[in-house]
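To keep things clear, I will list the structure first and then write my remarks on it.
The values are calculated or read from the model by the stated rules, or taken from the named source; none is laboratory data. Everything quoted here is computed from the prediction, not taken from an experiment. Glycine also receives a Cβ, built like all others from the backbone with ideal geometry; neighbour counts cover every protein chain displayed. SASA here: full protein model, heavy atoms, side chains in, ligands and nucleic acids out. Shrake-Rupley method; radii C 1.70, N 1.55, O 1.52, S 1.80 Å.
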Amino acid sequence: MSAFEMFHDMIVAQKPKARTLKNGPTFYRNLERRLDNRRKKDRLYVLKTPRNVVDFSSNDVLSLSTSGLLRMAFYEELAKYPKFVVGSCGSRLLDGNNTYINNLEKEIAQFHNATDGVIFSSGYDANVSLFEVFPGPKDAIVYDELVHASIHDGMRNTKATIRRSFSHNNVDSFRAVLQELHDSEEVFRSGERTVIVSTESIYSMDGTIAPLTEMVRVADEVFPTRNVEFIVDEAHSTGMLGKNGRGLVCALGLEDRIAIRLHTCGKGLGCNGATVVGNETIRTMLINYAHGLIYTTAPSFPTLAAIRAAYTLIRSDFCEERRLRLQTLVRHFYRKMFDHPSFTIAKEAGILDLPSGLNFEGKEFVSQIVPVWTRNEDNHQLAANMQYADYNAWPIDFPVVPRDQGRVRLVFHTDNTIDEIDGLVEIIIQWAEEKMEYMKDRTHWKRQLILKEKL
Ligand SMILES: Cc1ncc(COP(=O)(O)O)c(C=O)c1O
């Protein structure tokens, strides 16, 4: 039995069964009923423990955490403060504030060419706060349809009166939404209220990069009153894009035009936490209004020391080499896939696809996130084939990505090897070839049955 057949059978056999409780307290019966909804749709999340396999999945893209490099830098940072107090002992507004976090925020802000910063416990908390704090009543939020779930959660709590989405990375659609707001609402036309634009720099599930320069130009054309402001989520570009990984806004020289940037620490930096960078007004607003900062314990010293260690690393020439190596690896993957004759056939058969307009050759930056699109549910089969060969990558489905856009999300890392990438290509191609054979067989038997019925 091939890996393909084995996992096809396994996936069918693994479908979780409904387990609605007949007896017991109402509370648990109702909860199990809700979980059954997920079980029925095959969407029950379970926590998996990644085995020690080849990593084409984690967000540790520069391999700073998994290689132990960050651990060494972290120990060095800790050694400078032998008497450190582990816990922050309170909210930032009470006992949780200290010189270390204040200085670190300043350092991070300056690294990203901003004046001020505020550290949050996570990027999720930061996004929820940003959309709660900054759009005021009568303001509008205009957002890319693919922005992260944390932004949607933030927008649920927002005071903005109007929310409009535009098609992913589509400047024409963006312009049309802005124009409609301009033409229909006097408060925006007159410059009295603000339109806040939400975008990511590198999109987490697609690896696409926002056309930020064009978006800024369009915003200023439609609103010469200059009342459009941007919040850019730099989660996947931090440590990756621009000089020393300062992010997309710095790479494009747009620091003076983008009001707020979010630099999370859980991706390229290899630790956790996040910093919002902007100017003094932005910082003061967050300190005064962000519930995700006020009503929570401030980050502990080890968390902050890890963030500082990670910034020390990404500033180094050594990390610049790690970024370049990662670029070489991603390009190698695309080249191997595009050059393989079976890829073209599988693509034409609608079995497999990769970002097509990528034109990676000659491009200064190629995203480390690569979606491998398949037909519905095939992404589970493909991922299972990878996992069978000890390569870790996960299938991604709705609602994380739009309906009918299931994929295996590949993430490349500096410490992946060329051999591992060649192996990965081989698994993908072999799966596609077997899938094509299987489909051919099925068509053959279907045709035989129809003929038999006709006779
Ligand atoms: C685009 C984007 N923004 C925000 C977040 C949340 O960041 P964190 O993991 O630090 O909570 C993520 C993480 O998945 C992300 O991909």
Among the charged types (D, E, K, R) and at pLDDT below 95: which single residue out of K138, K106 fits that description?
K138
When you go through E76, E32 one by one, which is the residue that is outside any loop (DSSP other than H, G, I, E, B) and within 26 Å of N244 (Cα to Cα)?
E76
Where a residue in the stretch 184-206 is within 19 Å of S173 (Cβ to Cβ) and open to solvent by 30 Å² or more (accessible area, probe 1.4 Å) and its partner, wherever it lies, is more than 16 Å from the ligand (Cβ to nearest atom) and small (G, A, S), with Cβ under 9 Å and at least six apart:
E185/A140
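Each row is one residue, and each column tells you yes or no for (1) farther than 30 Å from D404 by Cα; (2) open to solvent by less than 10 Å² (accessible area, probe 1.4 Å).
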site: I314; (1), (2): yes, yes
site: F318; (1), (2): yes, no
site: R323; (1), (2): yes, no
site: A349; (1), (2): no, no
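Looking at R246, R283, which one is assigned by TED's automatic domain parsing to the domain that holds S88, under 20 Å from the mean Cα position of the chain (by Cα) and of a type outside the set (A, V, I, L, M)?
Numbers: R283 fails: under 20 Å from the mean Cα position of the chain (by Cα).
From the options R246, R283, the qualifying one is R246.
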What are the pairs, 6+ residues apart or on separate chains, where a residue within the stretch 123-138 that is assigned by TED's automatic domain parsing to the domain that holds H263 has its Cβ under 8 Å from a residue that is within 12 Å of the ligand (Cβ to nearest atom) and open to solvent by 30 Å² or more (accessible area, probe 1.4 Å)?
G123/G266; Y124/D153; N127/H148; N127/D153; V128/D153
Number of positions in the stretch 98-120 that are in a helix (DSSP H, G or I) and open to solvent by less than 30 Å² (accessible area, probe 1.4 Å)
7
Quick check on S165: is it in a helix (DSSP H, G or I) and surrounded by 15 or more Cβ atoms within 10 Å (Cβ to Cβ)?
no
Those residues of the stretch 413-422 which are under 16 Å from Y334 (Cβ atoms) and assigned to a helix (DSSP H, G or I), in sequence order
I418, E420, I421, D422
Six or more apart or on different chains, Cβ under 6 Å: which pairs go from a residue in the stretch 340-354 that's in the same structural domain as E433 (by TED's automatic domain parsing) to one that's open to solvent by 20 Å² or more (accessible area, probe 1.4 Å) and of a type in the set (F, W, Y)? Could you list them?
D353/W373
Single residue of G123, G117, G154, G136 found to be away from the ligand (no atom under 16 Å from the Cβ) and under 22 Å from H291 (Cα atoms):
G136
So in the stretch 168-199, with the set limited to residues that are of a type in the set (D, E, K, R) and assigned to a helix (DSSP H, G or I), which one is farthest from P211 (Cα to Cα)?
E186
The one condition in (1) open to solvent by 50 Å² or more (accessible area, probe 1.4 Å); (2) touching a Lys or Arg at 6+ places or on another chain (Cβ under 9 Å); (3) modelled with pLDDT of 95 or more; (4) under 22 Å from R164 (Cβ atoms) that Q179 fails to fulfil:
(2)
Extreme residue, nearest to F174 (Cα to Cα), among residues of the stretch 220-264 that are among the polar types (S, T, N, Q) and away from the ligand (no atom under 16 Å from the Cβ)
N227
